[in-house]
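Comments concern the structure below.
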Amino acid sequence: MQVIINQSWLELAEGDITKQDTEAIVNAANPSLLGGGGVDGAIFRAAGPELLEECRTLGGCKTGDARITKGYRLKAKHVIHTVGPVYYRDGERAPELLASAYRRSLEVASENNVRSVSFPSISTGAYGYPIEEAAPIALRTVISYLESRTDIELVRFVLFGHSAYQVYEKALKAREQGTREQGGKGAGEQPSGIRNLP
Ligand code: ADP
């Protein structure tokens, strides 16, 4: 599924983030930035040992923040490492920390003139965030960033498996529907500011 937000593309795809050809891919990292399981382990394996060497020089990353490195053997030129909340540990701060992880990743992309970014579903694996709760926050945060500026031309969510894809698709469709029912921004020709593409 692809939609246009302001002047940018927002895409949902099912697949493996390590294979993406966007200028940057985002890693759902842990605060040490020294690798782990899940998407983190897959990215470190695909990028090669140089990624770990560079990460050692960064001194870690706080929850909700982001750091950038090179992509080494990946197709993507950069990896943006962000740390999402741990659902049961971070409690009522989890939603704002999750939004911050997405927003800071996009800010770091903008600062480095990155025009296309792939995200995994941050925190919904080992960090235990229920994907049905995380997806609307992820989409809302990215959409509001793309509405506020035009430098990032493409944001792709790369969902691991069909059920994860379906959760994001449902959340994006619900959002689109909700915006339309409210009259949307600039109601009329493009009622929601979001447009479905073939
Ligand atoms: P976190 O610790 O932030 O929860 P995980 O890596 O455990 O991060 O999981 C985050 C999400 O990434 C999960 O939904 C998981 O299914 C997904 N995932 C795992 N491997 C990949 C991959 N190669 N590409 C894209 N998504 C992946």
Restricting the stretch 32-62 to residues that are of a type in the set (Asp, Glu) and out of contact with any Lys or Arg (no Cβ under 9 Å at 6 or more places or on another chain), the one nearest to the ligand (Cβ to nearest atom) turns out to be Asp40
So, in the stretch 113-143, how many residues would count as being of a type in the set (A, V, I, L, M, F, W, C) and near the ligand (Cβ under 7 Å from one of its atoms)? 3
Every pair of residues 6+ apart whose Cβ atoms lie under 9 Å, when the first sits in the stretch 11-31 and is more than 11 Å from the ligand (Cβ to nearest atom) while the second is outside any loop (DSSP other than H, G, I, E, B) and acidic (Asp, Glu): Leu12/Glu169
Buried (at least 16 other Cβ atoms within 10 Å of the Cβ) and within 15 Å of the ligand (Cβ to nearest atom): does that describe Ile80? yes
I need the full set of residues from the stretch 84-95 which are loosely packed, with under 15 Cβ neighbours inside 10 Å and either in contact (Cβ under 8 Å) with a residue 12 or more places away in the chain or under 16 Å from Val155 (Cα atoms) (or both), in order please. Tyr88
Would you point out the residue of the stretch 151-171, among those that are charged (D, E, K, R) and either part of a helix (DSSP H, G or I) or near the ligand (Cβ under 10 Å from one of its atoms) (or both), that is nearest to the chain's Cα centre (by Cα)? Glu169
Check the stretch 70-78 and report whether any residue there is more than 21 Å from Arg156 (Cα to Cα) and not in a loop (DSSP other than H, G, I, E, B). no
From the set of residues in the stretch 46-58 that are touching a residue at least 24 places away in the same chain (Cβ under 8 Å) and farther than 11 Å from Leu34 by Cβ, which is surrounded by the fewest Cβ atoms within 10 Å (Cβ to Cβ)? Gly48
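Bear in mind that the values in this text are calculations on the coordinates, not laboratory data. No experiment lies behind these values; they were computed from the predicted model shown. Positions of Cβ are backbone-derived with ideal geometry, glycine not excepted, and every protein chain shown enters the neighbour counts.
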